[in-house]
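Written below as structure tokens is the structure these notes are about.
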Amino acid sequence: MSLKLMYITNRTDVMKIAEKYGVDRIFIDMETLGKEARQPNMDTVKSFHTLEDIKNARKVLTKTEILVRVNSIWEGSENEINQVISAGADIIMLPYFKNADEVEKFIRYVDGRVKTCLLFETDSSVDNVDEIISLSGIDEIHIGINDMHLCYKKTFMFELLCDGTVEYLCKKFEAKQIPYGFGGIARLGLGDVPAEMIIAEHYRLGSSMAIVSRQFCRIENDTKISDVEGIFESGIREIREYEKSLLEKDDAFFEENRIKLSSAVNKVVERKSSVLV
């Protein structure tokens, strides 16, 4: 079974291209509270999407699901979630929660009307994982390694693949039979760590979803829509072909890939650390 691929955009022309070439979910990102403070001066996606973007997506998409990331729990969460559901979301993602009480509120506010997705991205959520995943009403989980690596004061987000954090969480979620994924992937051959290594690690860990990252297609640079279409047509096809090849690999291959990935991550950490000195 191939990974469910998600792509963050509020551009309807890009949404239609992503759907055409096999992206499973369009990701509308309405999280704004606290995000700039957590990720200052970082080259990360900080979207300012709106309810109108959900409605516009609903108009142009025919088979691709719409996933909406709302804000972490605040006094306006119930109203925000109601509006997002009314606008047409299929799945709502809760970010930056720390404990089971916050997750329980989220599940109660959604009230079974759409699917729920938890975004584990704090050290506190890891500490409280058993209590959190014992709650009923969790449809799926994503591990947000960008914010999480900041919580753990790591140099590079993929260090969490090497220090056992992601594997620890994946085993917890698998035991509860909750579908899960983590992080993002670039086009094959691209990324600080080659996308092939990351995809293989998804398969080793039993992951079922991933975000198609900003490095896959930087829309601000690829201004011609025909260029964007070409990137998605070839990029998604290559990912799917590589996934098929992974189905024939044995445990030894995945263990070797894990070791290579760790080495590649360590090189990035060394490079980043030398720049900071």
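The values are calculated or read from the model by the stated rules, or taken from the named source; none is laboratory data. Because the structure is predicted, anything quoted here is derived from the model rather than measured. Here Cβ is always computed from backbone atoms with ideal geometry, including for glycine, and neighbour counts include all displayed protein chains. All accessible areas refer to the heavy atoms of the entire protein, side chains included, with ligands and DNA or RNA removed. Shrake-Rupley method; radii C 1.70, N 1.55, O 1.52, S 1.80 Å.
Brief remarks follow.
- Considering only C162, I17, P179, the residue lying farthest towards the positive end of the dipole of the chain is I17, judged by Cα position with unit charges set on Cβ.
- Spatial separation of Cα centroids for the range 48-109 and the range 114-192, in angstrom: 19 Å
- Proportion of all alpha-carbon pairs of the range 1-149 beyond 28 Å (%): 16 percent
- Given [x] 40, 29, 16; [y] 27, 24, 19; [z] 30, 23, 15, the label whose value is semi-axes √(5λ) of the Cα gyration tensor in Å derived from this model: [y]
- R271 paired with D139, simple spin-label distance in nm, labels 7 Å along Cα-to-beta-carbon: 3.9 nm
- Projected-area average for the range 157-277 over all orientations - Cα convex hull basis, square nanometres: 8.7 nm²
- The chain - percent of accessible surface contributed by carbon and sulfur, probe 1.4 Å: 48 percent
- Listed cross-link partners K249/K272; K16/K249; K98/K176; K4/K59 are compared with a 25 Å cut-off, the Cα-Cα value being larger for K249/K272; K16/K249.
- Of all stretches in the chain that contain no trypsin sites (Lys or Arg not before Pro) in a DSSP loop with at most 10 other Cβ atoms within 10 Å, the longest one is 64-152.
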